[in-house]
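Reading through the structure tokens given below for one structure.
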Amino acid sequence: MPGGNSANVTGDEASIRWLKTVSPDLKIALSVCTGAFALAKAGLLDGKKATTWYGAIERLKDIAPKTTVFEQKRFVDNGKVITTAGVSAGIDGALHVVARLLGDETAQKTAKYMEYDNWEPNKGLVVSTGNE
């Protein structure tokens with residue numbers, strides 16, 4: 001789920017219904033920045049840990065009381081649901097997904113190919129890598 005003006009998705013009931021419908025079949029649901037609000041509205045963050053853009057942390061805590069919201073984590077991996085902080089943290093989360101699916105070496109090669117020198121895999125919080 002992309003970030004930015006997440007109200008475009010969270011305010012659209014058809015989008016939220018679609019997210020609820022497809023989520024059981026997803027291997028991974030990844031949000032970037034305020035895209036976490038769409039996951040929260042669809043109930044995908046209930047009982048999970050999450051993060052979002054630093055300017056929206058308190059708002060996510062307010063609208064997702066069943067979620068433990070973390071500050072200063074680039075990404076949070078709950079297994080099936082991964083949330084990331086701001087835009088560049090979305091790259092970190094995406095590289096984390098590459099590492100999960102294809103291995104650390106492929107993720108490192110991808111970061112190098114992209115000339116993304118800032119990737120620090122340990123800046124995230126890995127809660128679980130199962131499919132819960």
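The values are calculated or read from the model by the stated rules, or taken from the named source; none is laboratory data. On a predicted model such as this, the values are computed, not experimentally measured, just so you know. FYI the Cβ positions are ideal-geometry reconstructions off the backbone, even for glycines, and counts take in every protein chain you see.
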Problem set entry | Identity of the residue in region 13-68, under 14 Å from residue 83 (Cα atoms) and of a type in the set (S, T, N, Q), that ends up surrounded by the fewest Cβ atoms within 10 Å (Cβ to Cβ) | 68
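This table checks each residue for (1) at positive phi; (2) modelled with pLDDT under 95; (3) small (Gly, Ala, Ser).
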residue	(1), (2), (3)
66	no, no, no
69	no, no, no
86	no, yes, yes
99	no, yes, yes
104	no, yes, no
108	no, yes, no
117	no, yes, no
123	no, yes, no
129	no, yes, no
For this session: For region 111-125, enumerate the residues that are crowded, with 17+ Cβ neighbours inside 10 Å and farther than 17 Å from residue 31 by Cα.
Result: 111, 119
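Name the one entry in 31, 23 that is in contact with a helix residue (DSSP H, G or I) (Cβ under 8 Å, 6 or more places away or on another chain), hydroxyl-bearing (Ser, Thr, Tyr) and within 20 Å of residue 98 (Cα to Cα). Give the steps one after another, and end with the answer.
On the way: 23 fails: in contact with a helix residue (DSSP H, G or I) (Cβ under 8 Å, 6 or more places away or on another chain).
Of 31, 23, the one residue that is in contact with a helix residue (DSSP H, G or I) (Cβ under 8 Å, 6 or more places away or on another chain), hydroxyl-bearing (Ser, Thr, Tyr) and within 20 Å of residue 98 (Cα to Cα) is 31.
How many of the residues making up region 70-99 are touching a residue at least 40 places away in the same chain (Cβ under 8 Å) and of a type outside the set (Phe, Trp, Tyr)?
Of the residues in region 70-99, the ones touching a residue at least 40 places away in the same chain (Cβ under 8 Å) are 70, 73-87, 89-90, 93-94, 97.
Imposing the further condition that a residue be of a type outside the set (Phe, Trp, Tyr) reduces the set to 73-74, 76-87, 89-90, 93-94, 97.
Of the residues in that region, 19 qualify.
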Exercise. Name the pairs whose Cβ atoms lie under 7 Å apart, with the first residue in region 109-123 and without any contact (Cβ under 8 Å) to a residue 12 or more places away in the chain, the second β-branched (Val, Ile, Thr), and 6 or more positions between them or separate chains?
Worked result: none
Exercise. When region 81-110 is examined, which residues are found to be surrounded by fewer than 20 Cβ atoms within 10 Å (Cβ to Cβ), among the β-branched types (Val, Ile, Thr) and in contact with a Ser or Thr (Cβ under 8 Å, 6 or more places away or on another chain)?
Worked result: 98
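Quickly run through region 24-50 and pick out the residues that are among the charged types (D, E, K, R), assigned to a loop (DSSP other than H, G, I, E, B) and under 13 Å from residue 63 (Cα atoms).
Within region 24-50, the first condition is being among the charged types (D, E, K, R), and the residues that meet it are 25, 27, 41, 46, 48-49.
With assigned to a loop (DSSP other than H, G, I, E, B) added as a condition, the list becomes 27, 46, 48.
46, the sole residue that qualifies.
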